[in-house]
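Enquirer: This is the structure I have questions about; it appears just below.
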Amino acid sequence: MKNNSYADVMARKADILRHSLGIDFAAFEQEHISFDYEAMMSAVGLSLDEITAIQRHTGVGDTPMWEMHNITSLARSVAKSGFGARIFIKDEAANPSGSFKDRRASIAVHTAKKLGFKGVAAATSGNYGAAVASQAAKAGLKCIIVQETYDSRKVGQPEILEKTRKCEAFGAEVIQMTVGPELFYKYLTVLEETGFFAASLYSPFGIAGVETLGAEIARQTRQIAGKDPDVVVTTHAGGGNITGTARGLYRENCRPLMIGASVNLKGLHMASDGHFNRKSFTTGHTGFGVPFATNPDRSDMPRSAARPLRYMDKYVTVSQGEVFYMTQLLAQLEGLERGPAGNTSLAAAFAIAQTLPQDAIVVVQETEYTGAGKHINSQLSFARQNGIEIVFGDPADEVAGKNIILPQEPSLIAPKDVDMDYLRKSLIRNNLAKLPNDVKPTEQDIEFLAQETNLDTQRVAQFCVDIVQNIV
């Protein structure tokens with residue numbers, strides 16, 4: 001009999017995942033801080049062509065790309081003369097469960113089937129759970145989804161409950177939990193008790209599956225427009241979205257400016273019972289985006305394959321009101337009704353396009369399905385029930401948890417830049433904190449941190465000195 005206390009289960013994490021994933025993460029560890037990221041990714045053992053073939057077999061990928069003619073025209077109408085880049089979207093809602101997460105799930109489920117596992121399990125707020133459940137149904141595997149669903153009053157957000165319905169529709173068993181730090185703990189106990197495959201969002205299998213999305217963006221943009229995209233905007237939460245997409249673009253020798261976009265929920269704590277239902281977004285927000293950028297290994301994996309600061313050139317935030325407004329614009333100008341996550345990056349792209357010349361191309365990297373719980377009417381009604389004021393005005397005045405301000409006019413959509421150096425320094429500081437007392441980072445550690453932050457080693461070394469001396 002094993003001790004299932006929180007501390008003991010979390011201490012067994014690496015051992016549990018070695019049995020549930022087939023990867024020994026210890027094999028990639030190097031010196032005090034560093035590990036061999038590319039070696040870990042190569043443990044997937046599949047080429048991009050093989051991943052593509054696996055996904056096509058289950059109806060995943062090869063999704064259409066659409067040019068947003070009317071939204072582009074609107075952006076040009078509020079931009080200065082000669083500006084207003086062409087805006088395209090990659091319509092990932094065309095995947096079997098309705099989001100790009102099918103790409104991640106397809107490779108995890110394929111691997112589970114190949115290795116002889118009886119079922120798969122995942123911890124997620126929903127979209128990924130639906131994707132895993134969908135792929136498991138195709139493969140004839142059992143599926144358990146562990147989902148953070150309710151506050152302590154057993155009240156759940158409409159979007160999360162919609163995702164629960166979707167998971168169950170595909171035949172998954174959903175373990176619903178109240179908000180708190182226990183999600184990954186419960187997930188690890190499920191893996192240990194069932195012997196199921198760990199279909200984690202943050203495993204190398206999941207990230208490798210997203211690489212096909214980046215490759216398709218490069219190929220389709222070249223085919224449609226005759227050139228590479230100048231900017232790719234990606235909704236950022238746990239980091240796997242931008243990591244996998246960028247890696248796929250790079251495989252096609254395509255190097256656009258990679259911009260991450262999150263909903264600004266500053267002031268709300270994601271593990272707070274009182275704050276849980278005062279936000280209208282369950283993913284793609286700063287509550288995930290900032291901590292997972294600065295400490296990617298906070299996930300259920302000993303080493304996360306999602307490493308966003310390796311690939312993110314710029315990071316912006318948008319307000320809840322701006323995303324709801326853009327969701328309505330997409331429906332009424334382009335005839336596409338899509339869920340909120342992808343419209344986070346679309347709201348950012350709308351403003352970013354206004355800063356670029358008209359022959360430039362901005363690609364919004366994903367859309368997602370919508371449904372009764374995801375619809376803006378459900379979300380806004382639920383916000384009102386929780387005492388959130390909803391008004392039209394300037395979104396710059398929005399305070400998360402107190403109000404939602406829908407833009408009075410399109411020109412008021414204005415993403416805010418996040419200080420990338422602040423994020424990079426935070427990541428370096430978090431890694432230095434892992435060192436024993438009086439142990440300095442080695443040259444290999446410095447090189448690793450340079451890769452993690454996409455900086456040169458000299459600048460990283462100076463950051464290390466500044467952090468140790470409490471200059472930054």
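Enquirer: Could you tell me the calculated FRET efficiency between LEU115 and MET10, based on Cβ-Cβ distance and R0 = 25 angstrom, to the nearest 0.05?
Expert: 0.50
Enquirer: For the stretch 322-423, what is the charge dipole size about the Cα centre, in debye to the nearest 20, if Lys and Arg each add +1 at the Cβ and Asp and Glu each add -1 at the Cβ?
Expert: Working: 5 positive and 14 negative charges, 86 e Å.
Roughly 420 debye, rounded to the nearest 20.
Enquirer: Calculated FRET efficiency, ASP466 and GLU38, Cβ-Cβ r, R0 22 Å, to nearest 0.05? Spell out each step's value before the answer.
Expert: On the way: r = 29 Å, r/R0 = 1.30.
Approximately 0.15, to the nearest 0.05.
Enquirer: Defining a contact as two alpha carbons under 8 Å apart and six or more residues distant in sequence, what relative contact order in percent does the chain show?
Expert: Once normalised by length, the contact order is 19 percent.
Enquirer: Relative contact order for the stretch 354-417: what is it in percent, counting Cα pairs under 8 Å that are at least 6 residues apart? Write down the numbers at each step before the final one.
Expert: Values: 45 pairs, mean separation 12.5, N = 64.
About 20 percent, as a whole number.
Enquirer: Turning to a different aspect of this structure: Using the basic label-point model (7 angstrom from Cα toward the beta carbon), what is the ALA372 to GLN332 distance in nanometres?
Expert: The modelled label-to-label distance comes out at 2.5 nm.
Enquirer: Let me ask something additional. Could you work out the local net charge near THR235, counting Lys and Arg as +1, Asp and Glu as -1, over the other residues with Cβ closer than 11 Å to its Cβ?
Expert: Around THR235, the charge tally is -3.
Enquirer: As an exercise, find the ratio Rg/Rh for the stretch 194-233 from alpha-carbon atoms, using the Kirkwood inverse-distance average for Rh.
Expert: 1.25
Enquirer: Starting from the Cα-Cα distance between THR457 and GLU409, subtract it from 0.36 nm times their residue separation and give me the gain in nm to one decimal. Present the calculation step by step, with values, prior to reporting the outcome.
Expert: Numbers: separation 48, 0.36 × 48 = 17.28 nm, distance 4.50 nm.
Between THR457 and GLU409, full extension yields 12.8 nm more.
Enquirer: What number, rounded to the nearest 500 deg cm²/dmol, is the helix-based mean residue ellipticity at 222 nm of the chain, given -39500 (n - 2.57) per DSSP H run of at least four residues and division by all its residues?
Expert: My calculation for the chain gives -14000 deg cm²/dmol from helical runs alone.
Enquirer: May I pose another question? Between ALA433 and ALA396, what is the label-to-label distance in nm when each label sits 7 Å out along the Cα-to-Cβ direction?
Expert: Calculated label separation equals 3.3 nm.
Enquirer: What percentage of all Cα-Cα pairs in the stretch 236-393 are separated by more than 18 Å?
Expert: 62
Enquirer: Which net charge results for the neighbourhood of LEU257, defined as the other residues with beta-carbon distances under 12 angstrom from its beta-carbon, given Lys and Arg at +1 and Asp and Glu at -1?
Expert: My count for the surroundings of LEU257 gives -1.
Enquirer: Give the relative contact order (percent, whole number) for the stretch 105-260; include only Cα pairs under 8 Å separated by 6+ residues.
Expert: 22
Enquirer: A follow-up question, please. Rounded, prolate or oblate: pick one for the stretch 1-133, where a ≥ b ≥ c are the square roots of the eigenvalues of its C-alpha gyration tensor, a/c under 1.5 means rounded, and failing that, prolate if a/b is larger than b/c, else oblate.
Expert: Taking the square roots of the gyration eigenvalues as a ≥ b ≥ c, the stretch 1-133 is prolate.
Enquirer: If you don't mind, another one. Going through the cross-link list LYS80/LYS402; LYS101/LYS416; LYS101/LYS314; LYS114/LYS440, which pairs have a Cα-Cα distance over 32 Å in this structure? Can you show the working numbers first?
Expert: Details: LYS80/LYS402 34 Å; LYS101/LYS416 27 Å; LYS101/LYS314 23 Å; LYS114/LYS440 43 Å.
With Cα atoms farther than 32 Å apart: LYS80/LYS402; LYS114/LYS440.
Enquirer: At 7 Å along the Cα-to-beta-carbon direction for both LYS80 and ARG222, put a label point, then send me their distance in nm to one decimal.
Expert: With each label placed 7 Å out from Cα toward Cβ, I get 3.4 nm.
Enquirer: Moving to a separate point now. Using only the Cα atoms of the stretch 365-470, construct the convex hull and provide its projected area averaged over every direction, in square nanometres to one decimal. Mind showing how you got there, number by number?
Expert: Values: hull surface 45.1 nm².
Averaging across all directions leaves 11.3 nm² for the Cα convex hull.
Enquirer: Please report the projected area of the chain's Cα convex hull averaged over all directions, in nm².
Expert: The Cα convex hull of the chain, projected and averaged over all directions, gives 21.9 nm².
Enquirer: Just order 229-240, 403-414, 11-22, 429-440 by mean Cβ neighbour count inside 10 Å, highest at the front, would you?
Expert: Taking the mean over residues of other Cβ atoms within 10 Å, the ranking is 229-240, 403-414, 11-22, 429-440.
Since every read-out is calculated from the coordinates, none of them should be taken as a lab result. From a predicted model like this one, the values you see are computed outputs, not experimental measurements. Glycine gets a Cβ as well: all are built from the backbone with ideal geometry, and neighbour counts include every protein chain shown.
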